[in-house]
Amino acid sequence: MTNRSVVTTFILSGLPHSPELGTLLFGIFLVIYVLTVVGNLLILMVITVDPHLHTPMYYFLRNLSFIDMWFSTVTVPKMLMTLVSPEGSTISFPSCVAQLYSFHFLGSTECFLYTVMSYDRFLAISYPLRYASMMSGRTCVLLATTTWLSGSLHSAVQTTLTFRLPFCGPNQIQHYFCDAPPILKLACADTSANELVIFVNIGVVASGCFLLIVLSYVSIVHSILKIRTSEGRWRAFQTCASHCTVVLCFFGPGVFIYLRPGSKEAMDRIVAVFYTVMTPLLNPVVYTLRNKEVKKVLLTLKDKVGHSQSK
């Protein structure tokens, strides 16, 4: 960061909406946010308390739930404030730096984690007899730690490139949270080099992860087709369907915003809602409503709670 910056406060323009819809949107997004936090906390609790779910797949799912809970928390509360109060639209320079860092830290970590989860499914389906030894507890911890460290490094590069520029006025960010593309437009310096580096940085990470995920699933499909029974093929397919759903919902909007020429600010803000608000909610919905093991544990916990209250 540079001492030439004279801007001490930014103003977030928020979501594009009619003034009369502010309260309605606030209520909708507040409900979604509460469901997201409660749902992901529930997954964390279920996986922690049930020994049957202490497997590599659920270990990574626990990491994903933790990320999604905070990924939503980084952006949604501030967005809610911009919907109901003009004062809520302001954000200090240090807070903006922290929000951008946290957003890209959690987002890139989730990107790496989806890649690791696809690799885990590949090993489970392609090498079922060797899976336990290949994906040991130590390996799981190593892979998870690598995703967090890689996400932190990626975000540090992103944040440094953005805020090393001078900001000397205007200070209105055309978004509902601090993100690199709209902030660069406020810098009073040439940002073409920054935009190129950020484009390549995000492009390499996103396209690299997505390519590895696609390669994993090509191998998975090849292995599934070798399964003789239709029941076995269907069971193998179901274990991957949930992961594919959230991967597509996460990568699709991100590619649209960061990896396309030109920018339409209003459209970018609307599309960003999908991966900052909706995708974190999809995790608990997809992994609980479509997962028999998790539903079984939830029903067991519900019965225990009901039994204890009836005493």
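The values are calculated or read from the model by the stated rules, or taken from the named source; none is laboratory data. Bear in mind the structure is a predicted one, so any value in this text is a computation, not a measurement. We place every Cβ from the backbone using ideal geometry, glycine too, and count neighbours over all the protein chains shown. Just so you know, the surface numbers come from the protein's heavy atoms only, side chains and all, with ligands and any DNA or RNA stripped out. Shrake-Rupley method; radii C 1.70, N 1.55, O 1.52, S 1.80 Å.
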### Query
So, in region 12-37, of the ones that are in contact (Cβ under 8 Å) with a residue 60 or more places away in the chain and in a helix (DSSP H, G or I), which residue ends up surrounded by the most Cβ atoms within 10 Å (Cβ to Cβ)?
T36
### Message
I'd like to verify a number: residues in region 48-62 that are in contact (Cβ under 8 Å) with a residue 60 or more places away in the chain and either open to solvent by less than 70 Å² (accessible area, probe 1.4 Å) or among the aromatic types (F, W, Y) (or both), how many?
### Response
7
### Task
Answer yes or no: is there a residue in region 158-169 that is modelled with pLDDT under 85 and of a type outside the set (D, E).
yes
### Message
Take the conditions hydroxyl-bearing (S, T, Y), open to solvent by 20 Å² or more (accessible area, probe 1.4 Å) and in contact with a Cys (Cβ under 7 Å, 6 or more places away or on another chain) and apply them to Y101. Does it pass?
### Response
no
### Task
Tally the residues that are polar (S, T, N, Q) and modelled with pLDDT of 75 or more, restricting the search to region 269-311.
3
### Query
Looking only at residues in region 78-88 that are open to solvent by less than 60 Å² (accessible area, probe 1.4 Å) and assigned to a helix (DSSP H, G or I), which one is nearest to T23 (Cα to Cα)?
L83
### Query
In the set I67, I91, which member is open to solvent by less than 70 Å² (accessible area, probe 1.4 Å), touching a residue at least 60 places away in the same chain (Cβ under 8 Å) and within 23 Å of the chain's Cα centre (by Cα)?
I91
